[in-house]
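Q: Following this message is one structure expressed as structure tokens.
The values are calculated or read from the model by the stated rules, or taken from the named source; none is laboratory data. The shown structure was predicted, so the numbers you read here are calculated from the model rather than taken from an experiment. Cβ placement follows ideal geometry from the backbone for every residue including glycine, while neighbour counts extend to all protein chains displayed.
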Amino acid sequence: MELAEDWLVESLRLYQDFHAFDLSGATRVLEWIGEKGVFVAGYESLKKNEILHLILPLRLSVKENQGLFPERDFKVRHGGFSDRSVFDLKHVPDTRLLVTSGLPGCSLQVWQIGEDSDVIEAVSTIDVQEGEESLWPRMSVFSSAAPGILHGARLSGLRTVDLESQKITYSSGTATVRPLLAPPARSVPYSGSAQRRPPASARCCGTSDSESLSSLQVLDADTFAFCGTSGRLGLVDTRQKWVPLESLNPSPSSSGERWCAEVRNRGQGPEPCIASLGSDGQLCLLDPRNLCNPVSSAQCPVSKPSPDPELLRVTWAPGLDNCLAISGFDGTVQIYDVTSWDGKKGQVEPLFTHRGHIFLDGNEVDTAPLVTTHTWHPCKPRTLLSAASDASLHVWDWVDLQASC
């Protein structure tokens, strides 16, 4: 209890804003729609799970602090129920459509947000060819005039499906994986798409196409990145024939580790970079042109390996250069300034650690809930949302005491 009291006093100095809410059930989904709305969805098995479109409190929607506001809680704008666990949810930009994935993983579900009602209703399903009881498809969205849903539980089963016609427009048997194993002869700005020619020294590193996936991320209209649970990384150009080139795992000796990754988008920093996070807390930064040799790596100060690697998450800050956040190890969200690493391979300290999910309800560290997901606000640089296994939802704006980001 003393630790919780100390944290409450210290929080007055650590946070510009802090709001805590309780959902009806825990969520693994925090998906933005605009700057003021976010989707959450339950993931419990053997029950109906809510899918909710929440509007942020007015205080969190204004540009500057303007004092007290009458509405200090989230407001439910739309809602619906899923008969399945929802592990992932994507909003299709410029539409009223959502796509969800979860267990059982035999299909994706397409939902429509009510225009004249407050209902989110299921409108169709997308079959998943390699459906397995224990695996669920990862997803990402190609946003264009004809939006496509990229999905797959294993690398061999990657598909892009046109959302309107539900025709398969791409499969992993016809695309080119371009991990770009050899470093370029000179530094060339990354355009956001894979290089047109495979590197001369590209080689197969031995990972089979049955590799299970931990994340998929669309980069532009023709390319996306994948991360396998073993740490295998690659870039895929959907316009080329399939060539199964593979990268080395970030830590080949740690065969039991699980990994996730995220690519920093153009505009999020001075140059492209992939952050890859292992279940033991190892964090690697990689150049997309040379995925076999990390630019730098560091050990994050986690007390133990992730108890549920499915919840591992690493995200780049959209409004801060070279800052990222990680979660999925305990009841915290850690924020790092990667420019302070200087190529270190030892342990590094976070720039900020959010401990609200541990201490706000008087929890002890050993019995604290596990953070299930987090996300950065699309416009407010130091504002994040985080959710935990006790159904708590926090919105917090942290103070950079080092002023280094």
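Q: Got a sec? Which of F18, F39 is of a type outside the set (S, T, N, Q), assigned to a strand (DSSP E or B) and within 28 Å of Q402 (Cβ to Cβ)? Step through it out loud before you land on a result.
A: Values: F39 fails: within 28 Å of Q402 (Cβ to Cβ).
None of the other options fit; the residue is F18.
Q: Filter the stretch 222-236 for residues that are assigned to a loop (DSSP other than H, G, I, E, B) and under 24 Å from L283 (Cβ atoms); which is modelled with the highest pLDDT?
A: At the first step, the residues of the stretch 222-236 found to be assigned to a loop (DSSP other than H, G, I, E, B) are 222, 229-232.
Subsequent filtering for residues that are under 24 Å from L283 (Cβ atoms) retains 229-232.
On the way: T229: 94, S230: 91, G231: 91, R232: 89.
Checked the stretch 222-236; the qualifying residue modelled with the highest pLDDT is T229.
Q: What strands (runs of 3 or more DSSP E) completely inside the stretch 281-342 contain at least 3 residues that are under 14 Å from the mean Cα position of the chain (by Cα) and aliphatic (A, V, I, L, M)? Show your work before the answer.
A: Numbers: elements: 282-286, 296-299, 313-316, 323-327, 333-337.
Passing ranges, in order: 323-327.
Q: Scan the stretch 59-78 residue by residue and report those that are modelled with pLDDT of 75 or more and surrounded by 15 or more Cβ atoms within 10 Å (Cβ to Cβ). Write out each step before concluding.
A: Here is the first cut: in the stretch 59-78, the ones modelled with pLDDT of 75 or more are 73-78.
If the condition is that a residue be modelled with pLDDT of 75 or more and surrounded by 15 or more Cβ atoms within 10 Å (Cβ to Cβ), then F74, R77, H78 are the ones that fit.
Q: Additional query: Among the candidates S24, S85, S117, single out the residue that is assigned to a loop (DSSP other than H, G, I, E, B), in contact with a Phe, Trp or Tyr (Cβ under 7 Å, 6 or more places away or on another chain), of a type outside the set (V, I, T) and at pLDDT 90 or above. Break it down stepwise before answering.
A: On the way: S24 fails: in contact with a Phe, Trp or Tyr (Cβ under 7 Å, 6 or more places away or on another chain); S117 fails: in contact with a Phe, Trp or Tyr (Cβ under 7 Å, 6 or more places away or on another chain).
Answer to the selection: S85.
Q: Further question: Looking only at residues that are within 15 Å of N49 (Cα to Cα) and without any contact (Cβ under 8 Å) to a residue 40 or more places away in the chain in the stretch 85-117, which one is surrounded by the most Cβ atoms within 10 Å (Cβ to Cβ)?
A: Among them, the one singled out is Q109.
Q: I'd like the residue in the stretch 123-161 that is buried (at least 16 other Cβ atoms within 10 Å of the Cβ) and of a type in the set (D, E, K, R) and, out of all such residues, is modelled with the lowest pLDDT.
A: Among residues in the stretch 123-161 that are buried (at least 16 other Cβ atoms within 10 Å of the Cβ) and of a type in the set (D, E, K, R), the one modelled with the lowest pLDDT is E130.
Here is a yes/no grid of residues against (1) at pLDDT below 55; (2) closer than 17 Å to W259 by Cβ:
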| position | (1), (2) |
| --- | --- |
| K167 | no, no |
| R178 | no, no |
| Q195 | yes, no |
| A200 | yes, no |
| C204 | yes, no |
| E211 | no, yes |
| D220 | no, no |
